[in-house]
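Structure record follows, encoded as structure tokens.
The values are calculated or read from the model by the stated rules, or taken from the named source; none is laboratory data. Quick caveat: nothing in here was measured; it's all calculated off a predicted structure. Cβ atoms come from the backbone with ideal geometry, glycine included; neighbour counts cover every protein chain shown. Please note that ligands, DNA and RNA were not included when accessible areas were found on the heavy atoms of the full protein model with its side chains. Shrake-Rupley method; radii C 1.70, N 1.55, O 1.52, S 1.80 Å.
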Amino acid sequence: MSDLKQHISSAFDRDLEGIQAQIMKMGGLVEAAIQGAAKSLDTRDQELAEKVRQGDAVIDALEEALQDEAARVIALRAPSAIDLRVVLSVMRMSANLERIGDLSKNMAKRTGVLVQLHQVGGTATSLRRMAREVELMLKDALDSYIQRDTALAADVIERDRDVDEMYNTLFREFLTFMMEDPRNITACMHLHFIAKNIERMGDHVTAIAEQVIFLTTGEKPDEQRQKADLTSSDLSLSPQHEA
């Protein structure tokens, strides 16, 4: 009987290693998507933007395969409460990664439109800087998962405030540009949509970091983090959801 239990445990460990390898592969692709989408906007590179858009299909396929594999493991291995928490956390993390990939794709879609319009100040560079911060947050969130480092995960959650502040600053800049010259309105609407996408990416990265804390401690972060996005109630520039 003990040999059977050991066999089952070893099989589960192998399954878990495979799932965790997949989530890290997916995370690496999403990091590259964020970087590529922001760079294509800043450099007005339509070819790179198209590469980001096409690459999202790979991220989607990985997420679907990971969800299926996780469900299979739960059904066949009947994991303990702690092991089940690992599998469920990975499933939630993959869903957040898939959404970040979608938001990166949506950013890239705007590049083709924006290259036809005149540039508005240095906003593209500012957006790239904001995206870089989210990319670094994601890298640290994934590292905190591998290392089971709750302090690093908590730091990622706190840093989302910086992303919110960047978004608020850009929002005010867009309003100023539009008031100064009505010809800026179309470009600023597209740029604001991109800024909001990046801000939402930060929220999904925060959710991943929260999963790390839940996985490690069995508890969610003590306090509900207050968003620093001050524009949520302003519907005049709030972009609609785009898949």
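Within the stretch 125-147, which residues have the backbone N less than 12 Å from the label spot 7 Å out from Met179 along Cα→beta-carbon, could you tell me? None, by backbone N distance to the label point.
Structure remark: mean-square fluctuation, Gaussian network model of the chain, C-alpha springs under 10 Å; the largest value among Val73, Val212, Val134 belongs to Val73. Here the stretch 27-99 is assigned +1 on the Cβ of each Lys and Arg and -1 on the Cβ of each Asp and Glu. Its dipole about the Cα centre then comes out at about 260 debye.
The equivalent ellipsoid that matches the C-alpha gyration tensor of the chain spans semi-axes of 38, 19, 13 angstrom, in descending order. Along the positive direction of the dipole of the chain (beta-carbon charges: Lys, Arg +1; Asp, Glu -1; about the Cα centre), which of Ser104, Ala81, Ala11 reaches farthest? The residue sitting farthest along the positive end of the dipole is Ser104. Tell me which of Gln46, Val163, Ala207 sits at the most positive position along the dipole axis of the chain, charges placed on C-beta atoms (Lys, Arg +1; Asp, Glu -1). Sorting the options by dipole projection puts first Gln46.
Taken over the alpha carbons of the stretch 1-118 as equal point scatterers, the Debye sum produces base-10 log I(q)/I(0) values at 0.11, 0.17 Å⁻¹ of -0.46, -0.79. Mean residue ellipticity at 222 nm, helices only, the chain: -29500 deg cm²/dmol; runs of at least 4 DSSP H residues each add -39,500 (n - 2.57), and the sum is divided by the number of residues. Can you list the GluC sites (Glu not before Pro) in the stretch 153-195 that are in a DSSP coil and have 14 or fewer other beta carbons within 10 angstrom? The qualifying sites: there are none. Take Asp162: with every protein chain present and a 1.4 Å probe, its accessible area is about 80 Å². Reducing the stretch 150-199 and the stretch 8-50 to their Cα centroids gives an inter-centroid distance of 24 Å. Taken over the stretch 56-108, the convex hull of the Cα atoms encloses 47 Å³ per residue. Extending 7 Å from Cα along the Cβ direction at Gln46 and again at Ala11 yields two label points whose distance is 5.4 nm. Only Lys, Arg, Asp and Glu count, each charged at its Cβ (+1, +1, -1, -1), so figure out the dipole size of the stretch 1-155 about its Cα centre, rounded to 20 debye. It comes to approximately 380 debye.
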